[in-house]
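A.B. asks: Pasting in a structure now, in structure tokens, and then I'll have a few things to ask.
The values are calculated or read from the model by the stated rules, or taken from the named source; none is laboratory data. A quick note: this is a predicted structure, and the numbers were derived from the prediction, not measured. So basically every Cβ, Gly included, is an ideal-geometry build from the backbone, and we count neighbours across all protein chains shown.
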Amino acid sequence: DAKTTQPPSMDCAEGRAANLPCNHSTISGNEYVYWYRQIHSQGPQYIIHGLKNNETNEMASLIITEDRKSSTLILPHATLRDTAVYYCIVRALQGAQKLVFGQGTRLTINP
Amino acid sequence: GAVVSQHPSWVICKSGTSVKIECRSLDFQATTMFWYRQFPKQSLMLMATSNEGSKATYEQGVEKDKFLINHASLTLSTLTVTSAHPEDSSFYICSAIDSRFGEKLFFGSGTQLSVL
């Protein structure tokens, strides 16, 4: 799997948009970008994934650059419950591929 | 989304005993499940890939005789930590692929193992 690079930590004020960057410069053409988050002492939770088009769901938006070498996860109106470690992972879709976690970004939402 | 149930949530055992952790896909069939472990303040580390009806595939450095994985049905995989020692104390997490949702992985809530 291609490696990803994320800042180790970020802070964001409650109610503001949280923008989490991820670099994946060695991503292959068949690899998707996945975002998961892990709240303390729980299993990771799926947020969103995409290939090359921007994606949006009820939790977040995913913006992928045209060259696919980086992406940004956007939480539009962060709440205190969004405090978690966010993982950006690249993964091929074919063949029941595993998820290989990097160190992630510890996002803290401040009141 | 899919539901993956993991049991127990936490377990304390004496050194030298074996502990079994169960991972169930409640509303879907999972041909493939994965087992991870996580030490405090660290990321998840993949231990092995569990395939229904066949032997698990272990990641490099993971002792297959110590961490026994059985995936006997399409809804259940078990991880047995044999002859547990204090250094095996960790947070163990399973996940399963649900092909109904584009091959996404869904995770259990994890098992905190403490070996005394």
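A.B. asks: Mind checking whether some residue in region A:92-105 is touching a strand residue (DSSP E or B) at 6+ places or on another chain (Cβ under 8 Å), modelled with pLDDT of 95 or more and surrounded by 13 or more Cβ atoms within 10 Å (Cβ to Cβ)?
C.D. replies: Yes, because at least one residue in region A:92-105 is touching a strand residue (DSSP E or B) at 6+ places or on another chain (Cβ under 8 Å), modelled with pLDDT of 95 or more and surrounded by 13 or more Cβ atoms within 10 Å (Cβ to Cβ).
A.B. asks: Would you please name the residue that is nearest to B:Lys104 (Cα to Cα), looking only at residues in region A:1-21 that are within 14 Å of another protein chain (Cβ to nearest Cβ) and surrounded by 17 or more Cβ atoms within 10 Å (Cβ to Cβ)?
C.D. replies: A:Asp1
A.B. asks: Can you pull out every residue in region B:80-116 that is more than 13 Å from chain A (Cβ to nearest Cβ), without any contact (Cβ under 8 Å) to a residue 60 or more places away in the chain and not in a loop (DSSP other than H, G, I, E, B)?
C.D. replies: B:Glu87, B:Asp88, listed by residue number.
A.B. asks: Select from region A:73-91 the residues that are among the polar types (S, T, N, Q) and surrounded by 18 or more Cβ atoms within 10 Å (Cβ to Cβ) and list them in ascending order.
C.D. replies: A:Thr83
A.B. asks: Then there is this: Output the number of residues of region A:86-111 satisfying the condition of being more than 8 Å from chain B (Cβ to nearest Cβ), hydrophobic (A, V, I, L, M, F, W, C), in contact with a Leu (Cβ under 9 Å, 6 or more places away or on another chain) and within 23 Å of B:Ile93 (Cβ to Cβ).
C.D. replies: Residues that pass the stated criteria total 3.
A.B. asks: Within region B:21-43, does at least one residue satisfy the condition of being modelled with pLDDT of 95 or more, crowded, with 18+ Cβ neighbours inside 10 Å, closer than 21 Å to B:Asp65 by Cα and of a type in the set (D, E, K, R)?
C.D. replies: Yes; the residues of region B:21-43 include at least one that is modelled with pLDDT of 95 or more, crowded, with 18+ Cβ neighbours inside 10 Å, closer than 21 Å to B:Asp65 by Cα and of a type in the set (D, E, K, R).
A.B. asks: Additional query: Return the only residue of B:Glu63, B:Glu52, B:Glu87, B:Glu59 being acidic (Asp, Glu) and at pLDDT below 90.
C.D. replies: Of B:Glu63, B:Glu52, B:Glu87, B:Glu59, the one residue that is acidic (Asp, Glu) and at pLDDT below 90 is B:Glu52.
A.B. asks: Could you grab me the full set of residues in region A:1-60 that are of a type in the set (Asp, Glu) and under 12 Å from A:Leu75 (Cα atoms)?
C.D. replies: Matches in region A:1-60: A:Glu14, A:Glu58.
A quick yes/no check of all residues on (1) under 26 Å from B:Arg37 (Cβ atoms); (2) polar (S, T, N, Q):
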| position | (1), (2) |
| --- | --- |
| A:Arg37 | yes, no |
| A:Ala60 | no, no |
| A:Ile64 | no, no |
| A:Ser71 | no, yes |
| A:Ile74 | no, no |
| A:Thr79 | no, yes |
| A:Val85 | yes, no |
| A:Ile89 | yes, no |
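A.B. asks: Sticking with this structure for a sec: Residue check: is A:Ser41 small (Gly, Ala, Ser) and either away from chain B (no Cβ under 11 Å) or in a strand (DSSP E or B) (or both)?
C.D. replies: Here the answer is no, as A:Ser41 does not meet what is asked.
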